[in-house]
Amino acid sequence: MKIIYKYLFKKFLGPFALTFFFALFILLMQFLWKYVDDLVGKGLEISIILEFLFYASATFVSLAAPLAVLLSSLMTFGSLGEQYEIIAMKSAGISIRKLIFSLALCSFLIACGSFWFADQVAPKAHFKMKSLLRNIKDQKPTLSIEEGVFYDGFDNYSIRVGKKDRNNVDIYDVLLFDHTKYQGSSTFTYAKKGRMQITDDQMYMLFYLFDGFHWDESNNSKSTDNNQLLRFKFSEHYKRLDISSFKFEKSEESFYSKQNQALSNAEIKKMIDTVKCSVENNNNDILATFLSSSYSFKHFILPENLFLTDSIPPNIPYSELSAKEKTEMLDKVIALKNEFKNGLNVNREYKKFLYTNMASCRIEWLRKYIFSIACIVFFFVGAPLGSIIRKGGIAVPLVITVAFFSSYFMLSIFGEKIAKGGVVSPWFGMWLSTFVLLPICTFLTYQASVDSALLSSEELQKRIRQLNLKKIFVRKKNESTTTHP
């Protein structure tokens, strides 16, 4: 038995490792395609891009693990069934149920590892990834001056280079516009040739211009009648432009530290308790507002005890007030009513925000458990289904995996959306996809344990032959030819 179990583990762990990294690569490429516009054209070092992809890949481990378990279990048991190894093990007295439950321990260990990674490593990776992505988005496009094209990447400057040598230093036919005075193109510099160079600290671009002239017709005074034209020739001219904004810098990594995805379950639990305290305080504020308004209504409405304003004496019945005083009293009552109503609306919106925040925290708290349990659930889908269909390789298992995982993922997204919208509780919305899969994996495990051929390829081919589709098509063709001679 130990030899058979070792053989099963080796046969399962090999495809699992392969399919895990394959699924991780697919998820990472999908993620990279989403942010490709933020990465291209920024002049980023390859180390920055690799660091970003490394952090991003760590956030997909909990999603790639159940996908890899499903595909590898299908491949393993499909290969065992195709090569008649399952039949040989059954003849030795080992039931398919023992084979499945022996590898279930392996899927349980994978689920535990996936949960630990999602709870301890993935939040830190998400935090690092979001901080790095923010820095990349703030990065300006790389400095790239092309021939014959105006480049306006500098702050308040634009430059056109007619020709540029291969060394990217010597330039010719240079036209530099100065927009620092915000008066259009009234100030520019022209040079027949020049040289450009970036300082060692990557903070400035230096332009050494030769044999040219400077033109300035900007308005330097408040009066428009005294515009002066400044024009001078030069044999050598020096210009320094600030390019510090092109330099990639890592900012403070505290912007995303309070996001739910960047917290462990213990930290999320503390945040949920904090939100509960805020909800309780908000309820107390609503009660205090109600009691305060009730006290004010009581003292302003009772005719024997009126305290409206300083102009109306107390303890005067409403009937003895003048028309002006009655109007003043009613205005005061209406103002109190509006104040109470506005206070309730503010507290209601704040309470709605708190409940939404609490639902988001609970959803993120449950997500780590759900993707871990999905490893076990998908194993009990893939293992019995593989033993039934008896098809090894990767073609048929891959098709089945895509179908099951796509359905599971869409149900997960649907459940999360309705939970965030408050239609159902976060617990029900997040466990919806698992509840749907549990009857399926139970049915498949039972069918495999009783050696059912319901879903086997031979049974499907037999049922297709029984339908005799060829006769049906021939009959329809004959009927169409007789009706249309």
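The values are calculated or read from the model by the stated rules, or taken from the named source; none is laboratory data. Remember, predicted model here, so these are calculated numbers, not experimental data. No Cβ is skipped: glycine too gets one built from the backbone with ideal geometry, and neighbour counts run over all protein chains shown.
Miscellaneous remarks
Listed here are the residues, each with its yes/no results for (1) closer than 24 Å to Val399 by Cβ; (2) surrounded by 18 or more Cβ atoms within 10 Å (Cβ to Cβ); (3) β-branched (Val, Ile, Thr).
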{"position": "Gly14", "(1), (2), (3)": "yes, no, no"}
{"position": "Ala17", "(1), (2), (3)": "yes, no, no"}
{"position": "Met29", "(1), (2), (3)": "yes, no, no"}
{"position": "Ser57", "(1), (2), (3)": "no, yes, no"}
{"position": "Val61", "(1), (2), (3)": "no, yes, yes"}
{"position": "Gln83", "(1), (2), (3)": "yes, no, no"}
{"position": "Ile96", "(1), (2), (3)": "yes, yes, yes"}
{"position": "Leu99", "(1), (2), (3)": "yes, yes, no"}
{"position": "Ile110", "(1), (2), (3)": "yes, yes, yes"}
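- Residue in the range 134-141 that is assigned to a helix (DSSP H, G or I), at pLDDT 85 or above and acidic (Asp, Glu) present: no
- Looking across the range 23-38, the residues that are at pLDDT 75 or above and touching a helix residue (DSSP H, G or I) at 6+ places or on another chain (Cβ under 8 Å) come down to Ala23, Leu24, Leu27, Leu28, Phe31, Leu32, Tyr35.
- The condition of being modelled with pLDDT under 85, over 19 Å from Ala68 (Cα atoms) and surrounded by fewer than 16 Cβ atoms within 10 Å (Cβ to Cβ) holds for only one of Gln461, Gln447, that being Gln461.
- The condition of being in a helix (DSSP H, G or I) and surrounded by fewer than 20 Cβ atoms within 10 Å (Cβ to Cβ) holds for only one of Val381, Val346, Val377, Val423, that being Val346.
- Gly78 falls short on exactly one of the conditions (1) farther than 20 Å from Pro397 by Cβ; (2) touching a Gly at 6+ places or on another chain (Cβ under 6 Å), and that condition is (1).
- Just one of the numbered conditions (1) at pLDDT 80 or above; (2) assigned to a helix (DSSP H, G or I); (3) within 40 Å of the chain's Cα centre (by Cα); (4) surrounded by fewer than 20 Cβ atoms within 10 Å (Cβ to Cβ) is not true of Ser158: (2).
- Ile440 vs. criteria out of contact with any helix residue (DSSP H, G or I) (no Cβ under 6 Å at 6 or more places or on another chain) and in a helix (DSSP H, G or I): yes
- Listed by position, the helices (runs of 4 or more DSSP H) contained in the range 1-77 that have at least 1 residues being among the acidic types (Asp, Glu) are 36-39, 46-58.
- Of all residues making up the range 165-204, the number that are of a type outside the set (A, V, I, L, M, F, W, C) and modelled with pLDDT under 85: 20
- Qualifying residue in the range 349-356 (condition: surrounded by 20 or more Cβ atoms within 10 Å (Cβ to Cβ), at pLDDT below 90, touching a helix residue (DSSP H, G or I) at 6+ places or on another chain (Cβ under 9 Å) and in a helix (DSSP H, G or I)): no
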